[in-house]
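Throughout, read-outs are computed from the coordinates displayed, never taken from laboratory work. This is a predicted model, so every value here is computed, not measured. As a convention, Cβ positions derive from the backbone with ideal geometry for all residues, glycine included, and neighbour counts pool all protein chains shown.
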Amino acid sequence: MDKDGGALEWSRSHNSEFSYEKLGLLNCACRSQDLGPSLLLRSYTVQPTDSHKFLGVILDSKLSFHHHVAYALAKGSKWVAQLRRVMRPTMGTAFRLAKRLYMGVAVPGYLYAADVFLTPLRYLEGQTRQHGSVGAINKLNRIHRQALIMVSGAMRTTATDILSAHCDILPFPLLIDKLCQRSAVRLCALPQSHPLAKHVARAAN
């Protein structure tokens with residue numbers, strides 16, 4: 001960053017100075033509890049941290065995405081609370097419009113970059129235990145269930161699969177599958193001139 005022809009030289013030549021206080025330093029290590037050394041950039045020292053938000057995704061030093069799951073859970077709860085406000089029994093919005101609001105606004109909001117921090121649930125051959133982001137998906141499924149109850153107007157004791165069928169909305173694990181598949185198809189359809197094309201081809205092989 002501070003070498004000749006690096007980012008700092010580019011920022012000076014383009015009159016676009018970096019805001020050092022927004023920089024974050026993550027030292028990724030699977031087993032070490034130490035945050036690692038700090039980074040000195042000219043006269044500013046970037047201190048290591050256990051998590052940092054980058055392009056809307058909270059990364060942590062172990063890449064477990066626990067921080068981002070908690071962030072998505074809080075964000076989804078806020079969206080459901082807003083839906084509850086507009087779906088009052090009197091003078092509230094219609095159920096069909098509430099479904100559009102949830103699927104068109106809330107889901108893209110709290111499941112942004114789901115293909116990054118969630119792994120779809122799978123049963124591996126010869127095993128009975130589910131693999132993937134089981135805990136995170138179960139937590140986020142609570143938000144999904146609350147939204148289904150509001151959209152359908154059903155009782156709170158109604159089974160989740162019945163709610164999904166009546167609302168014509170995919171069950172939450174299948175919704176995650178759909179989002180991840182959409183991202184995978186988008187990556188596979190990149191032109192060869194795209195910077196990520198060779199990395200996608202390498203991952204596919």
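Which value at 222 nm does the chain reach when only helices count, each DSSP H run of 4 or more adding -39,500 (n - 2.57), with the total divided by all residues and rounded to the nearest 500 deg cm²/dmol? Spell out each step's value before the answer.
Numbers: 9 runs with 95 residues, N = 205.
Theoretical 222 nm ellipticity from helices: -14000 deg cm²/dmol.
Would you mind checking Lys53/Lys75; Lys22/Lys139; Lys3/Lys198 for any pair whose Cα atoms are more than 25 angstrom apart? Display every interim value, and only then the final one.
Values: Lys53/Lys75 15 Å; Lys22/Lys139 30 Å; Lys3/Lys198 27 Å.
Flagged as over cut-off: Lys22/Lys139; Lys3/Lys198.
Packing-wise, with mean Cβ within 10 Å as the measure, how do 141-151, 106-116 rank, highest first? Write out the running numbers ahead of the final one.
Details: 141-151: 20.9, 106-116: 17.9.
Answer by packing, highest mean first, reads 141-151, 106-116.
Between the alpha-carbon centers of the range 161-199 and the range 41-76, tell me the distance in whole angstrom.
24
Let me have the relative contact order for the range 1-153, percent, based on Cα pairs under 8 Å that are six or more residues apart. Before the final figure, lay out each step's value.
Working: 151 pairs, mean separation 24.5, N = 153.
Worked out over the range 1-153, it gives 16 percent.
Roughly how many nanometres apart are two label points built 7 Å out from the Cα toward the Cβ at Gln130 and Ala7?
3.8
Let's test the formula: R0 of 25 Å, r as the Cβ-Cβ distance of Val116 and Leu35. What FRET efficiency results, to the nearest 0.05?
That gives a FRET efficiency of 0.65.
Helix 134-152 sits at what angle to the longest principal axis of the chain, using alpha carbons and giving 0 to 90 degrees rounded to 10?
Tilt relative to the chain: about 40 degrees.
Based on the alpha-carbon gyration tensor of the range 7-49 and its eigenvalue square roots a ≥ b ≥ c, which shape applies: rounded if a/c is under 1.5, prolate if not and a/b is larger than b/c, or oblate?
Values: a/c = 3.35, a/b = 2.86, b/c = 1.17.
Prolate is the answer for the range 7-49, as a/c is 1.5 or above and a/b outweighs b/c.
Which whole-Hz ³J(HN,Hα) couplings does the range 57-69 yield from phi under the Karplus relation 6.51 cos²θ - 1.76 cosθ + 1.60, θ = phi - 60°, glycine and proline marked x?
3J(HN,Hα) across the range 57-69, in whole Hz: 10, 8, 8, 10, 5, 9, 6, 8, 6, 5, 5, 6, 4.
Please compute the contact order of the range 119-205 in relative form: average sequence separation of alpha-carbon pairs under 8 Å and at least six residues apart, divided by the residue count, as a percent. Display every interim value, and only then the final one.
On the way: 51 pairs, mean separation 16.8, N = 87.
Across the range 119-205, relative contact order equals 19 percent.
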